[in-house]
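The values are calculated or read from the model by the stated rules, or taken from the named source; none is laboratory data. Since we're looking at a predicted model, the values are computed, not measured. Positions of Cβ are backbone-derived with ideal geometry, glycine not excepted, and every protein chain shown enters the neighbour counts. For the accessible areas, the whole protein counts, side chains as well, though only heavy atoms, and no ligand, DNA or RNA atoms are used. Shrake-Rupley method; radii C 1.70, N 1.55, O 1.52, S 1.80 Å.
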Amino acid sequence: MALTILTVASPFAPIGADPENEGTAEQVAGAIDAALVRAGHRSIVIAPEDSAVAGTLIPLARVHGGARGQVPDERAQAAVLRRVATVVAGAVEDHAPDLVHIHVRDFDVLLPPQDVPVLATLYLPLDRYRPEALTVPRANLHLQPVSAAQVRGASPGLTLLPPLEIGVAVDRLHIRVPKRRFAVCLGDIEPEMGFHIALDAARQIDMQLLLCGGLSRGADEQRYLQEEIRPRLDPKRRFLGRIGFGRKRWMLGAARCLLAPSLMSEPTPVAALEALACGTPVVAFPTGALADLVEPGVTGFLVKDAEEMARAIEDCEGLDPDACRAVARARYSLDGMTERYLARFDELVGGGAAAAAGVA
């Protein structure tokens, strides 16, 4: 049965306009949109006007004034979301979708008044959502976690669907280059990412470390960079900032390992998935989804501090890159993820037993 799916993306970041610099939610929304069209379904997408989608775009006026990844202050955000809610209600009225799929943190603000099933994908740790958003008394609102870690950390009584893990473009990421003696950190420069610990671990064994990622203008991020990161940099431990896809793929492919000393319960460790797709093991703290992603001695190692991380960096030399690639292809491919989402849509629209069997 052909479905009509209305996708509601963030009004603060376009889909498909700059694939190399998209956030996780934008990548997922774009991939599902393309998969829907390939499968013969009707895809309607509410997204910023400079988005590039496979289906039909309902354009939102672009919200300007911030760097990539930044959004206006809370009051301005609320005003934007109220306008988007009006667009969502109109789109439901005009297109009669079988399901509305929301990729926005404040999804409860955007719920259409009509009696249509809604799927809200939860990309963040659950404590980043307002409690009232997660407990909206609406029978046809379904909360979609992206990792088993989110389910384990859920409050008693909170009903979640079975998790659907994030996928990455394993074919595009595939690369075979000689391994070299350096490690990589990849991600936004934020205190909760724990990159200062990775720098300490690399220094202990005199390992070259390349730190790559974006930096917001927030006070906490700037303070972290100046007080914790810059003092630890030297000719062998370098901060490269944001890098393009081609350079990132080569670095991940040639690195001995990716270091992920995350201090938060991260449900979507995309950098770790990309590293595995490039044939590179991950050395991580057992936080969030990283605890499930890393198979010790096969796809990397789970460690507790800088000392253990330093030893694990050396041990990664003996791991098989093809074992990492095999796990990425079997479990974390973009195509596999979109197939699972299309099956979930069928379940929810059809009211199947699998859709109803959420976890509390």
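List the number of the failed condition for LEU122; all other conditions in (1) open to solvent by 20 Å² or more (accessible area, probe 1.4 Å); (2) touching a residue at least 24 places away in the same chain (Cβ under 8 Å) hold.
(1)
Return the pair list, or none, for Cβ contacts closer than 6 Å from residues in the range 304-333 that are in a helix (DSSP H, G or I) to residues that are open to solvent by less than 40 Å² (accessible area, probe 1.4 Å) and among the hydroxyl-bearing types (Ser, Thr, Tyr), at least 6 apart or on different chains.
CYS324/THR299; VAL327/THR299
Is it fair to say LEU252 is open to solvent by less than 10 Å² (accessible area, probe 1.4 Å), over 13 Å from VAL184 (Cα atoms), modelled with pLDDT of 95 or more and not acidic (Asp, Glu)?
Judged against the criteria, LEU252 is not a match.
Within the set of pairs 6+ apart or on separate chains, which have a first residue in the range 57-81 that is modelled with pLDDT of 85 or more, a second that is among the charged types (D, E, K, R), and C-beta atoms under 7 Å apart?
Qualifying pairs under 7 Å: PRO59/GLU49; LEU60/GLU49; ALA61/GLU49; LEU81/ASP106.
Just to check your reading of the model, which residue among VAL45, VAL104, VAL100 is modelled with pLDDT of 95 or more, under 26 Å from GLU339 (Cβ atoms) and part of a loop (DSSP other than H, G, I, E, B)?
VAL104 is the lone residue from the list that is modelled with pLDDT of 95 or more, under 26 Å from GLU339 (Cβ atoms) and part of a loop (DSSP other than H, G, I, E, B).
Hey, could you check the range 238-253 for residues that are outside any loop (DSSP other than H, G, I, E, B) and among the basic types (Lys, Arg) and say which is farthest from GLU314 (Cα to Cα)?
The extreme case among them is ARG247.
Condition first: closer than 18 Å to LEU173 by Cβ and in contact with a Cys (Cβ under 7 Å, 6 or more places away or on another chain). Now tell me which residues in the range 274-315 satisfy that.
Correct list: LEU276, GLY279, THR280, PRO281, VAL282, THR299, GLY300.
Please state which one of ARG340, ARG329, ARG344 is among the basic types (Lys, Arg), over 22 Å from GLY23 (Cβ atoms) and modelled with pLDDT of 95 or more.
ARG329
Looking at the range 131-155 only, could you name the residues that are farther than 10 Å from ASP108 by Cα, part of a loop (DSSP other than H, G, I, E, B) and open to solvent by 70 Å² or more (accessible area, probe 1.4 Å)?
PRO137, ALA139, SER155
Restricting attention to the range 1-42, report how many residues are part of a helix (DSSP H, G or I) and either touching a strand residue (DSSP E or B) at 6+ places or on another chain (Cβ under 9 Å) or of a type in the set (A, V, I, L, M) (or both). Steps first, please.
Here is the first cut: in the range 1-42, the residues part of a helix (DSSP H, G or I) are 19-21, 24-38.
Those left that are additionally either touching a strand residue (DSSP E or B) at 6+ places or on another chain (Cβ under 9 Å) or of a type in the set (A, V, I, L, M) (or both): 25-37.
Total satisfying the criteria: 13.
Count, please, the residues in the range 227-237 that happen to be open to solvent by 60 Å² or more (accessible area, probe 1.4 Å) and assigned to a helix (DSSP H, G or I).
4
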